[in-house]
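Values quoted throughout were computed directly from the atomic coordinates according to the rules given, and no laboratory measurement underlies them. Values in this document were obtained by computation on a predicted structure and should not be read as measured data. FYI the Cβ positions are ideal-geometry reconstructions off the backbone, even for glycines, and counts take in every protein chain you see.
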Amino acid sequence: MAILGRREEPADGVQDYCLYLRDALANEGVNLTLTQVKWAEIGHKASRQELRKTVDGKENAFFLVQYTALSWSRRGFALPAVRILKLLKKRGTRVAVVFHDPDGYAGDRAVDRFRRAVQRYTMKRLVRLSDLAIFTLPRDKISWLPTDTRNFVFIPVGANLPTPETAWEAQRNPTASKPVVAVFSLSDEPTLAKEVSHITAAVSNAAKQAGPLELVVLGRNSESGGAALRLALAGSDAVVRILGLISADEVVRVLGTSDVMLFARGAISSRRGSAIAGIACGLPVIAEAGWELAAPITEAGVVLVSAELVPQGFGAALARVLSDSSYRASLAERSRNAQSQYFSWSVIARQYAQAMRRVGAARE
């Protein structure tokens, strides 16, 4: 049973993650159900009582608590997640914690430093109390994790898309004269403005070097961000198409007819599902390299640009990918291979099933 906190609007990536995991685990002989802890709607105390009724009599279940700081606290002070875990452990059940946010939030203000300290304290408590700690980053990327931690498992996230492999066989419109650059998902303000600026500079420079192109913007914040991009790129050789929030099937179709993805939401890593969507659909992905970078992301067809070179490096990378068809094809093949070996839901579900069964065997 997956235990989820507050829903994120307008799209809940963690819930979508659990739904795709549920379907894939069924092929491993594991039945996964989802339960929402409605603390944001009815309060922490009432929601724990409701959860207690839900889990009563399920001593043989394996609970997967989904952790992001904001899913358990409006301001990111996520200590209520510890109380949820203790409630489950009192029933003698096996509990894993899935860390979607594997580090504390950044910031230099006093409140930021205090919040980060509380978050790391909370995560350390969750690791110690759980039977299994599942992280979306490799162990050497998590500085606060105690060196003697034995219940650690690294499982990268998958793309929240249905059968993204179908995009590999998608046929581009034969009448389309312009290559297509996809931007899937943008951040909220104030970060959105910075991302729009980087994309504008990159696309404008790439269009000057490689010729006219089409920029398709889809997913979260694509309507507001796309409008700003259309205004900023007016008069350039780039046409902007804005799709907004569309169905997951439609996302696969759009990415399948694109030539490259530009990921502008900060540094890429194995926990960035919107970047992995491009890999899963077999696209070359241009992204910023950061401290979270590690295999298996480095196995995919990702063109990495150091933070110091953004956005100029984005533009140069885009121009090369769009101008060199053999280079673009080799990157696409690497992305398809990485999806098959590391990021497909079948591979992820197999890792989950093996980890949970090891915990069960150890208990016995």
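General remarks:
- Which listed pairs, of 58/124; 53/89; 38/89; 86/141; 53/86; 38/58, have C-alpha distances above 18 Å, in listed order: 58/124; 38/89; 86/141; 38/58
- Using θ = phi - 60° and Karplus 6.51 cos²θ - 1.76 cosθ + 1.60, couplings along the range 250-266 (whole Hz; Gly, Pro as x): 5, 4, 4, 5, 5, 5, x, 9, 9, 9, 7, 10, 9, 9, 10, 8, x
- Where GluC sites (Glu not before Pro) fall in DSSP loop in the range 25-119, at most 12 other Cβ within 10 Å: 59
- Computed extension length for residue 105-residue 191: 29.5 nm, one decimal, from 0.36 nm per residue of separation with the Cα-Cα distance subtracted.
- Sequence-distant residues sharing a close amide H with residue 240 (under 5 Å, placed H): 215
- Among 264-270, 309-315, 287-293, the order from most to least packed when residues are scored by Cβ within 10 Å on average: 264-270, 309-315, 287-293
- Projecting the Cα atoms of 238, 263, 343 onto the charge dipole of the range 164-343, computed from C-beta unit charges around the Cα centre, puts 238 farthest toward the positive end.
- Amide H to amide H, with H built 1.01 Å from N, residue 305 comes under 5 Å of 287, 288, 289, counting only residues 5 or more places away or on other chains.
- Legend: translational diffusion of the range 69-187 by Stokes-Einstein, Rh = Kirkwood radius over C-alpha pairs, 10 °C, 1.306 mPa s; D = 92 µm²/s.
- With an a/c value of 1.5 or above and a/b not larger than b/c for the gyration tensor axes a ≥ b ≥ c computed over the alpha-carbon atoms, the range 186-265 is described as oblate.
- Lysines whose Cα lies under 16 Å from that of residue 178, excluding same-chain neighbours fewer than 8 positions away: 208
- Exposure proxy order (Cβ contacts within 10 Å, fewest to most) of 23, 12: 23, 12
- Principal-axis tilt of helix 345-363 within the chain, Cα atoms, nearest 10 degrees: 20
- Residues of the range 130-150 with an amide N closer than 18 Å to a point placed 7 Å from the Cα of residue 89 along the Cα-to-Cβ direction: 130-135, 145-150.
- With neighbours defined as other Cβ atoms within 10 Å of a residue's Cβ, the residues 197, 306 order from fewest to most as 306, 197.
- Taking amide H as placed 1.01 Å from N in the peptide plane, the amide H of residue 154 sits under 5 Å from that of 135, each at least 5 places away or on another chain.
- Model label sites at residue 11 and residue 50, defined 7 Å from Cα along the beta-carbon direction, differ in position by 2.6 nm.
- Virtual spin-label span in nm between residue 298 and residue 139, 7 Å along Cα→Cβ: 1.8
- Environment charge of residue 146, counting only residues whose C-beta is closer than 9 Å and scoring Lys/Arg +1, Asp/Glu -1: +1
- Using the Karplus relation 6.51 cos²θ - 1.76 cosθ + 1.60 with θ = phi - 60°, the per-residue 3J(HN,Hα) values for the range 309-315 come to 9, 7, x, 4, x, 4, x Hz, with x marking Gly and Pro.
- Between 0 and 90°, nearest 10: helix 13-26 axis offset from the chain longest Cα axis: 70
- Acute angle (nearest 10 degrees) that the helix 325-338 long axis makes with the longest principal axis of the chain, alpha-carbon atoms: 10
- A Cβ-based charge dipole, computed about the Cα centre of the range 168-244 with Lys and Arg at +1 and Asp and Glu at -1, lands at about 200 debye.
- Rounded to the nearest 500, the helix-only mean residue ellipticity at 222 nm of the chain stands at -13500 deg cm²/dmol, with each DSSP H run of n ≥ 4 adding -39,500 (n - 2.57).
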